[in-house]
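Structure, as structure tokens:
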């Protein structure tokens, strides 16, 4: 409701990777009946909230602060709080999409956390829920940005704290090899000539821009991050 329903982009998962087949087909109307969210189990509400957290992380730090303060009510399905969050997330995504419908520039920022998130999802043969995978991906990509001196120190820990507050794990239950993860990263829809591209934050609420909104990062840098998480016991 806060993400895929808005934007007009469709995607199909295939063995080679996530969302590699798809099309742009803007809907005439999007109906968001927030009352239906109350029918979902708490775990599913947490999955959806990951994308709302992403919106705050890339565009609006004050919204992220509100989300974090409202997490208990959001997880409980409070109708008023949920409606406010949906409205803000939809407004953020709609604004980005209105400026770049075909994802040739600015819309790339919506992929924060998704390069590694999609790779984790695919490497787990899609047994890993999307929200869980993106939560891990955001933390990993923030850690990657910090290691490169692009992202403000402490950003990854802040995002990890929010993921934990959502009740979601920071690592998969089943081991996933780094080679498998990197293989799926290279086939990511943002990759160019087999070279992976990542969206990095400057600070919470703002994406760091280089030659564009995403940038190539050597596999060795990513391997280092994955190895660091393995040593902490937070990655298999």
query: Does residue 14 satisfy being over 19 Å from residue 167 (Cα atoms) and at pLDDT 95 or above?
result: no
field: Filter pass, residue 102 being over 14 Å from residue 53 (Cα atoms), more than 12 Å from the chain's Cα centre (by Cα) and exposed (fewer than 15 other Cβ atoms within 10 Å of the Cβ)
entry: yes
- request: Restricting attention to the stretch 12-28, report how many residues are touching a strand residue (DSSP E or B) at 6+ places or on another chain (Cβ under 8 Å) and part of a loop (DSSP other than H, G, I, E, B).
  value: 1
- prompt: Just a yes or no: is a residue in the stretch 173-182 free of Cβ contacts under 8 Å to residues at least 24 places away in the same chain and buried (at least 18 other Cβ atoms within 10 Å of the Cβ)?
  reply: no
- prompt: Can you tell me how many residues in the stretch 95-106 are in a helix (DSSP H, G or I) and touching a residue at least 40 places away in the same chain (Cβ under 8 Å)?
  reply: 2
Single residue of 35, 46, 52 found to be surrounded by fewer than 12 Cβ atoms within 10 Å (Cβ to Cβ) and either in a helix (DSSP H, G or I) or modelled with pLDDT of 85 or more (or both): 35
- prompt: Just for the stretch 109-159: of the residues that are in contact (Cβ under 8 Å) with a residue 12 or more places away in the chain and on the phi > 0 side of the Ramachandran plot, which one is surrounded by the most Cβ atoms within 10 Å (Cβ to Cβ)?
  reply: 113
task: Report yes if some residue within the stretch 225-236 is surrounded by 14 or more Cβ atoms within 10 Å (Cβ to Cβ) and at pLDDT 90 or above; otherwise report no.
output: yes
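The values are calculated or read from the model by the stated rules, or taken from the named source; none is laboratory data. Since this is a predicted model, take the numbers as computed values, not measurements. Cβ coordinates were reconstructed from backbone atoms using ideal geometry, including for glycine residues, and neighbour counts include every protein chain displayed.
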